[in-house]
Amino acid sequence: MKKPNYVAMKLLPLLLLSSAAFAQPGGDPSGYASAGDVKAQVEAMRRTMKPGQGFMWMPLVRGGDAVAALEYWKKPGKPAVHPDQAEYVVVIAGNGTMLSGGRLVDPVTSNPTLIEGRRIEGGTTRALHPGDVFLIPAGTPHWFGIAGDRLVLLGTKIAQPGH
C-alpha cells in the first residue's frame with residue numbers, strides 16, 4: 001500500500017488559498033486578499049515549515065506582472081541586493097531589525113535579480129514591528145534580523161528598468 005504524500009497534503013491548503021487570492025471576479029485585474037486571507041496564509045505557512053527551515057516565500061496576490069508575496073522568516077538570511085528591483089514591504093507579524101544601505105561585503109551574484117554577500121558595512125539599523133512600511137531602492141544592500149520566533153513580511157518587487 002502506497003503511503004500518503006504528507007508534504008503534498010500540507011501544501012495543498014496553501015496552493016488553494018493562493019489560487020483563491022489570485023482569482024478576481026468580473027474580469028477585474030486587481031489583485032486582492034482580505035485580512036482573513038492574509039491571516040490564514042500566514043498560519044498555513046507556519047504549519048507547513050519544517051523544523052530547521054528558516055524561510056518560506058508564498059505569493060499572495062497578483063496584478064499584471066507584479067506579485068505581492070508573504071515572506072516568513074524564522075532565521076536571518078544573507079544580506080542582499082536586488083540590482084534592478086526596488087522592494088516595497090509591510091511588516092505583517094513578528095518583530096525584527098532591518099539593516100539597509102552601506103556596502104555589501106563579498107558580493108556573489110546568485111541570479112540576475114539577486115546579489116548576496118557575507119555582511120553589510122555601514123548602513124542604518126531599524127527596529128521592525130507589525131504595521132511598519134518601507135521601500136528599499138533598487139541596488140540598496142539590506143538584511144533582516146529576527147527578534148523572537150518569526151518575522152512575516154508582505155513584499156513586492158518593483159522593476160526599475162535602466163537602473
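The values are calculated or read from the model by the stated rules, or taken from the named source; none is laboratory data. If you're wondering where the values come from, they're calculated on a predicted model, not measured in any experiment. Note that each Cβ is placed from the backbone with ideal geometry, even for glycine, and that neighbours are counted across all protein chains shown.
None of 121, 71 is out of contact with any His (no Cβ under 6 Å at 6 or more places or on another chain) and over 21 Å from residue 47 (Cα atoms) except 121.
On the stretch given as the stretch 88-115, residues that are touching a Gly at 6+ places or on another chain (Cβ under 9 Å) and among the hydroxyl-bearing types (Ser, Thr, Tyr) total 3.
The one condition from (1) over 16 Å from the mean Cα position of the chain (by Cα); (2) modelled with pLDDT under 95; (3) among the hydrophobic types (A, V, I, L, M, F, W, C) that residue 158 does not meet is (1).
This table checks each residue for (1) within 24 Å of residue 138 (Cα to Cα); (2) small (Gly, Ala, Ser); (3) under 13 Å from the mean Cα position of the chain (by Cα).
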position: 39; (1), (2), (3): no, no, no
position: 42; (1), (2), (3): no, no, yes
position: 47; (1), (2), (3): no, no, no
position: 68; (1), (2), (3): yes, yes, yes
position: 71; (1), (2), (3): yes, no, yes
position: 85; (1), (2), (3): yes, no, no
